[in-house]
Amino acid sequence: MTTERFRELGQQLRVDSVRASDAAGSGHPTSSMSAADLMAVLIDGGYLRWNVSDLRDPANDHLIFSKGHASPLYYSVLKAAGVIDDAELLTFRKLGSRLEGHPTPRIPPTDVATGSLGQGLPIAVGVALAGRRLDRLPYRVWCLCGDSEMAEGSMWEAFEHAAYNGLDNLTAIIDVNRLGQTRETMLGWDLDRYQARAESFGWHAMAIDGHDVDAIEAAYHEAIAVIGRPTVIIAKTKKGKGVRAVEDLPGKHGKPLDDPSSAIEELGGERDLQVRLAVPKAGKPHVFDAPGGQLPSWSVGDQIATREAYGEAVTALGRMRGDILALDGEVSNSTYSELFREAHPERYFEMFIAEQQLVSAAVGMQVRGWAPFASTFAAFFSRAYDFIRMAAISRANLRLCGSHAGVSIGEDGPSQMALEDIASFRAIHGSAVLHPSDANQTAQLIAAMADREGISYLRTLRGKTTVRTPPDERVTIGGSRVVRNGDAVAIVACGITVDQAVNAAETLAAEGIEARVVDAYSIKPIDGETIRTAARECGAIITVEDHWLEGGLGDAVLESLADAAERAPLHKLAVREMPGSGTPDELLHVAGIDAEAIVRTAHVIARTT
C-alpha cells in the first residue's frame with residue numbers, strides 16, 4: 001500500500017504541476033514531472049521533517065530546489081503538505097501571487113531564491129554548515145538538482161566543500177532527465193559517469209531509477225544512515241514522465257502542455273492526497289558566548305590600512321555578539337579576517353579560492369539568522385556577481401568586504417585591481433556601498449553593517465591612510481564627512497583619494513583658493529544633502545575616485561544633484577585608461593586622480609568661472 005500511495009502521490013504532483021502551468025499559461029511542467037516521484041517519497045516517506053504549524057521552527061529540515069524552474073512541482077509539494085491550498089496553487093505566476101515563476105522566500109518555508117542554475121546546491125552547503133557547526137541541530141538539507149546545471153562550475157565547488165567539511169547532513173538529488181532546454185545534456189543518461197565524478201569528490205553516491213518508488217525509498221533510507229560524508233542520489237528520469245505527448249521529447253521545455261485535459265486524464269485525473277509530514281524533534285540552536293567589549297579606535301594622525309581596521313573591527317564585534325561570523329576566500333592574511341579566525345575559530349569558515357561558494361555559504365548561513373561577513377579581494381567578487389544578485393532576490397542579509405581595491409594596490413597590476421566594484425554593487429537592489437578613508441570610519445561602518453538588512457559592501461584599501469575621523473565622531477551609512485571647509489570649489493572623494501584631496505586643498509589654499517573637501521564614505525546611499533549644499537555654496541564640484549569613470553562616485557554625486565534647484569558644473573576624475581604595474585603613487589598620477597590632477601582641474605574651473 002505504501003508503494004501504491006507513493007505512486008499515486010507522484011501522479012498528483014504531476015497533475016498539479018500541469019494544472020498550475022496551464023493556469024499561468026507558462027512554466028516548466030515537464031521538468032517538474034520528471035522529479036515528481038522523487039519528491040513524493042521524500043515527503044510521504046517521513047524523510048523530510050517539517051513542523052508545518054511552524055515553518056520557522058529551527059529544527060525543521062530544509063528543502064532547496066536548485067532546479068528552481070521546477071517550481072510547479074515545488075508548489076505542488078507545498079499543497080500536498082498543507083502549506084498552501086489549491087486556490088493559491090492556481091495563482092502561479094500571477095501578479096501579486098506568492099508563487100512566482102521561480103521560488104523566492106515570499107512563500108515560506110522557501111529559504112532562498114533559486115532559478116539561476118548552479119546556486120541551490122552551493123547555498124545548501126552553507127545551510128548544512130550552519131546546522132553542523134553553528135546551530136548544532138540535527139536537521140537535514142535536501143537539495144533537488146537538475147542534470148543541466150551539473151555543467152556549472154559552482155556545483156563542483158559545492159561538491160568539493162561539502163566533502164571537505166564532511167557534511168553528512170546534506171543529500172543532493174540529481175534529476176537526470178537527459179534533456180536540457182535545447183538539446184540533450186553532455187552526459188545524457190550516463191549515470192556511471194555522474195557517480196564516478198561524485199565519488200571522486202568524496203561523496204557517497206547512488207544511481208537509481210528515479211521512477212521506481214521502492215528504489216527511491218531505499219536510497220533515502222541509505223542516505224540518512226551515511227556518516228562522515230554527503231550523499232548524492234543520481235536518479236534516471238524522463239522529462240514529462242507519464243504523458244506520451246511530451247515524455248522524453250525535445251522541444252517541450254519551459255511551456256505548458258498543449259492539451260492539459262488529456263494529459264491529466266492520462267495521469268489518472270485529479271487527486272487530493274494530503275501528506276502529514278514527519279515532525280522534527282524539538283531543538284534550540286546553539287548560542288555562542290559573547291563576553292563583550294567595544295569597537296577598536298585609533299588616534300587622529302595614525303597611519304593604518306582600512307583592511308586591517310576591518311579585521312580588528314569584525315573581530316571585536318565577534319566578542320560583542322555571538323551571531324557574528326567570518327568567511328574568507330583564502331586571503332585572510334591580506335583581508336585581515338585572520339584576526340577573527342584566531343579569536344573565534346568556531347565561527348570562522350575558510351572557503352578557499354571559490355568565490356561563488358564563499359558567497360553562497362554566507363547566504364545559506366544567514367538563512368538561519370546568523371550574521372556573516374565574507375571577505376576577499378574586491379576584484380574577485382565579480383566572479384560571484386550573479387550569486388550576489390540572486391542574494392538580493394532572496395532578501396538575504398549579507399556583509400561583503402572587498403580589499404585591495406583600485407590602482408592604489410600598486411605593483412600587482414590590473415588583474416588584482418577592482419575598478420568596477422562600486423558600480424556593480426550600486427546596481428544591486430537595496431544595497432549599501434561604503435568606502436571608508438580611515439580606520440575609525442571602517443570600525444563604525446562594520447558595526448552598522450551588522451545591523452543592516454540587505455546586501456552591504458565595504459571597500460577597503462591595501463595601503464595605509466591617515467586617520468582623520470576622531471574616535472568619538474559619529475559615522476553612519478548614508479553619511480559623509482566635511483574634512484575641510486571652503487567655498488571656491490568642492491572636492492568630493494572617497495577612500496584613498498581623500499588623502500589626495502586634502503593635499504590638493506592645502507596646495508590650493510596656498511594660492512588663495514579655498515576648497516571644500518567632502519569625504520563621501522557612503523556612496524550608496526549617498527549624503528545628498530551635503531553634496532547639494534556643497535554644490536550651492538561652492539559653485540562647482542570635482543569628484544575623484546580610484547575606480548573606472550562609469551558608475552562610481554562621480555555618477556552617484558551626479559544622481560544626487562539631478563533634482564537640485566541649481567545645477568553646478570561637475571568634473572569627474574577617475575581611472576580612464578587600463579593601468580599596469582607601478583608604485584601606488586605612480587599609478588594614481590598616471591590615472592589622473594592624485595593631488596596634482598585635482599589642483600590642475602581646480603585651476604581650469606577657476607579660469608572658467
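Overview of results
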quantity	calculated
Unit Cα scatterers, Debye sum, region 303-466: log10 I(q)/I(0) for q = 0.15 Å⁻¹	-0.70
Karplus (6.51, -1.76, 1.60) ³J(HN,Hα), θ = phi - 60°, over region 529-542, in Hz, Gly and Pro reported as x	5, 5, 5, 5, 5, 4, 5, 5, 8, 9, x, 7, 10, 10
Helix 213-223 axis, angle to the chain major axis (alpha carbon atoms, nearest 10°)	50
Hz values of 3J(HN,Hα) by residue in region 411-417 - Karplus curve (6.51, -1.76, 1.60), Gly and Pro given as x	5, 4, x, x, 5, 9, 8
³J(HN,Hα), Karplus 6.51/-1.76/1.60, whole Hz, each residue of region 384-390, x for Gly, Pro	9, 4, 5, 6, 6, 4, 5
Per-bin percent of Cα-Cα distances, region 2-266 [10 Å]	8, 33, 39, 18, 2, 0
Local net charge near residue 31, Cβ-Cβ under 13 Å (Lys/Arg +1, Asp/Glu -1)	+3
Per-bin percent of Cα-Cα distances, region 432-537 [5 Å]	2, 13, 24, 23, 19, 11, 5, 2, 1, 0
Helix 120-129 axis, angle to the chain major axis (alpha carbon atoms, nearest 10°)	80
For region 481-608, the spread of Cα positions along each principal axis, largest first, Å	43, 33, 26
Which of 473, 100 has the fewest Cβ neighbours within 10 Å, and the rest in rising order	473, 100
Cα long-axis angle, helix 306-320 against the chain (0 to 90 degrees, to the nearest 10)	60
Mean separation of Cα contacts under 8 Å (6+ apart) over length of the chain, as relative contact order %	12
Helix-only CD estimate at 222 nm, as mean residue ellipticity for the chain, using -39500 (n - 2.57) per DSSP H run (n ≥ 4)	-11000 deg cm²/dmol
Bridge type composition, region 303-466 - antiparallel percent by DSSP, nearest 5	10
Size descriptor, Kirkwood hydrodynamic radius, that averages inverse alpha-carbon separations across the chain, Å	25.9
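Readers should treat all values here as calculations from the given coordinates under stated rules, not as data from a laboratory. All values derive from a computational prediction rather than experimental measurement. Note that we place each Cβ from the backbone using ideal geometry, even for glycine, and neighbour counts take in every protein chain shown.
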